[in-house]
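Asks: Let me begin by handing over the structure; questions about it come next.
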Amino acid sequence: MLRLFYTLTAIAAIAGSGFAAETVYNFTPAAIDGKPAPLAAWKGKVMLLVNVASKCGYTPQYKGLEAVYEEYKDRGLVIVGFPANNFGGQEPGTNEEIQTFCSRTYSVTFPMMSKISVKGDDQAPLYHFLTGGAANAALAGDIKWNFTKFLVDRDGKVVARFEPAVTPDSADVKSAIEKALK
């Protein structure tokens with residue numbers, strides 16, 4: 001219910017005020033515990049935003065995400081997971097079940113948000129921003145599957161997008177992270 005309140009509040013604020021987000025810092029999703037988690041709290045950090053799922057062929061990427069987080073967090077990287085059940089019902093659990101799965105199975109320590117929708121009529125405002133072209137027109141387009149990754153620079157601007165098959169510990173992703181951390 002709290003998540004619904006924050007989603008409706010964000011939609012109403014955006015629709016009613018002529019609001020146009022300029023960076024990811026304009027969004028406050030709910031953390032996996034339901035509390036507000038403003039992305040502005042990570043202002044000045046590099047972020048990797050990832051839509052995740054627990055029952056997907058790409059789910060083992062949690063291991064790579066955690067490894068990359070451990071490798072770069074002291075230099076200013078934050079990985080933020082957004083569980084979503086948009087593809088084949090591959091994230092059917094509650095927030096509590098998702099959190100338990102992530103910590104027990106993959107020892108995830110990076111921030112996890114409450115389950116959202118990343119496409120369709122109920123798409124979360126953040127993902128509308130990421131995919132609709134407002135964040136970076138060159139990176140626009142619907143989310144095709146779980147584990148799509150958006151790299152955000154220290155100024156809150158989206159600078160890269162990696163499709164699900166590109167693993168978080170790949171040379172391409174790590175190179176982009178290194179560049180953004182400079």
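The values are calculated or read from the model by the stated rules, or taken from the named source; none is laboratory data. The structure displayed is predicted, hence computed values, not measured ones. Neighbour counts run over all protein chains shown; Cβ positions are idealised from the backbone, glycine included.
Asks: Being touching a residue at least 24 places away in the same chain (Cβ under 8 Å), of a type in the set (Lys, Arg) and either under 22 Å from Val46 (Cβ atoms) or surrounded by fewer than 16 Cβ atoms within 10 Å (Cβ to Cβ) (or both): is that true of Lys174 here?
Replies: yes
Asks: Would it be correct to say that Lys119 is surrounded by fewer than 22 Cβ atoms within 10 Å (Cβ to Cβ), over 21 Å from Cys102 (Cα atoms) and modelled with pLDDT of 95 or more?
Replies: The answer is yes for Lys119.
Asks: Give the number of residues within the stretch 135-168 that are surrounded by 15 or more Cβ atoms within 10 Å (Cβ to Cβ) and in contact (Cβ under 8 Å) with a residue 60 or more places away in the chain.
Replies: 18
Asks: Please determine, by comparing only the residues of the stretch 117-173 that are assigned to a loop (DSSP other than H, G, I, E, B) and hydroxyl-bearing (Ser, Thr, Tyr), which one is nearest to the chain's Cα centre (by Cα).
Replies: Among residues in the stretch 117-173 that are assigned to a loop (DSSP other than H, G, I, E, B) and hydroxyl-bearing (Ser, Thr, Tyr), the one nearest to the chain's Cα centre (by Cα) is Thr148.
Asks: Keeping to the stretch 29-49, report how many residues are in a strand (DSSP E or B) and over 27 Å from Lys182 (Cβ atoms).
Replies: Selection size over the stretch 29-49: 3.
Asks: Using beta carbons and a limit of 6 Å, which pairs, at least six apart or on different chains, have the first residue in the stretch 63-79 and exposed (fewer than 14 other Cβ atoms within 10 Å of the Cβ) and the second one aliphatic (A, V, I, L, M) and modelled with pLDDT of 95 or more?
Replies: If the second residue must be aliphatic (A, V, I, L, M) and modelled with pLDDT of 95 or more, the pairs left are Arg75/Leu181.
Asks: Filter the stretch 80-95 down to the residues that are in contact (Cβ under 8 Å) with a residue 40 or more places away in the chain and either farther than 14 Å from Lys149 by Cα or assigned to a helix (DSSP H, G or I) (or both) and list them by number.
Replies: Selection gives Asn86, Phe87, Gln90, Glu91, Asn95.
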